[in-house]
Amino acid sequence: MAVHPTAIVEDGAELAEGVEVGPYCIVGSRARLSEGVRLGSYVVIGGHTEIGPGTIIHAQAVLGGSAQIRNDSAPEAKLIIGCNNVIREGVTISVGSSRGTGLTRLGDRNYLMAYSHLGHDCLIGDDITLSNGVQLGGHVEVGNGVIMGGLAAAQQFSRIGQYAFVSGLSGVSADIIPYGMALGLHARLGGLNLIGLRRREVPRANIHALRAAFRFLFVEGQGTLQELARQASERWQAVPEVQHVTTFILGASKRPIAPARASVSEEDAE
């Protein structure tokens, strides 16, 4: 364990073997840092915060600050961060709130670029990339493998399904389906994230089935999206990627599902 002489580590903080604390950091009394966690200069770890092994936190990040809600009181609210994350300069992550679950969670192997923000009660999966300045409001849920471009934002209570791609400068005000590609001021689906699917080595047959399901759900199908999702679930029972999409659509949410852009055609879906 190496703690710079200018750093402040409050009584009660737990630092495991191999932790490095850089110049002028502040580590609060209820923080728990696991093996190999590294803090750059001027990092602040507050609140009831647990950080998993191998996570690297760069200069001026503030983790475990109280929820940004007027008159919120949640002294036992927590922030739990998994292992092997990279959290770049100026990132801010709040603990949970009394109006939510009381827990903000960041999974494993995520890469949060400079000045991105995770609001209170966010539930963030694994292997996610948030580009510079991405802003997530409170209670947002983000599935595994999502990529969000620079300065994109998600409104509170939004859901972004696994392996979706959100273009830079986009605003997510409705739920984005798994594997979807969303763009625009009020983000709409522009098709599927085919590059991401291929990078994950999803079988070609499954990608073709997912394309067909997308066309059925958002271009050609007749009926409500919920009805179409049930039909698609039955039609493509053996394709897990389609099941991920239909389960997401049929799941409980406070936001609607983002529709396809008016200009989306069968060719866009492919």
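Amide H contacts of ILE8 (H built 1.01 Å from N, in plane; Pro and chain starts excluded): CYS25, ILE26, VAL27 sit under 5 Å, all sequence-distant by 5 or more or on other chains.
Of the accessible area of region 1-156, computed with a 1.4 Å probe over protein heavy atoms only, carbon and sulfur atoms account for 49 percent. Counting only protein heavy atoms and a 1.4 Å probe, region 73-209 has 38 square angstrom of accessible area per residue.
Angle of helix 240-250 to the longest C-alpha principal axis of the chain, folded into 0 to 90 degrees and rounded to 10: 80°.
In order along region 25-35, the Karplus-derived 3J(HN,Hα) couplings, from 6.51 cos²θ - 1.76 cosθ + 1.60 at θ = phi - 60°, round to 6, 10, 10, x, 5, 10, 7, 9, 10, 7, 4 Hz, and Gly and Pro are given as x.
Computed with the Debye formula from one identical point scatterer per Cα of the chain, without solvent, the log10 of I(q)/I(0) at q = 0.17 Å⁻¹ comes to -1.19.
Rank these residues by their accessible area, most exposed first, probe 1.4 Å: GLU234, GLU201. Provide the component values of the computation, followed by the final result.
Details: GLU234 130, GLU201 155 Å².
Reading off the accessible areas and sorting them downward yields GLU201, GLU234.
For GLY191, the residues 5 or more places off, or on other chains, whose built amide H falls under 5 Å of its own are MET181.
The distance separating the Cα centre of region 141-201 from that of region 50-124 comes to 20 Å.
The values are calculated or read from the model by the stated rules, or taken from the named source; none is laboratory data. Note that the structure is a prediction, hence the values are computed from the model and not measured. What goes into the accessible areas is simple: the full protein's heavy atoms, side chains included, and nothing from ligands, DNA or RNA. Shrake-Rupley method; radii C 1.70, N 1.55, O 1.52, S 1.80 Å.
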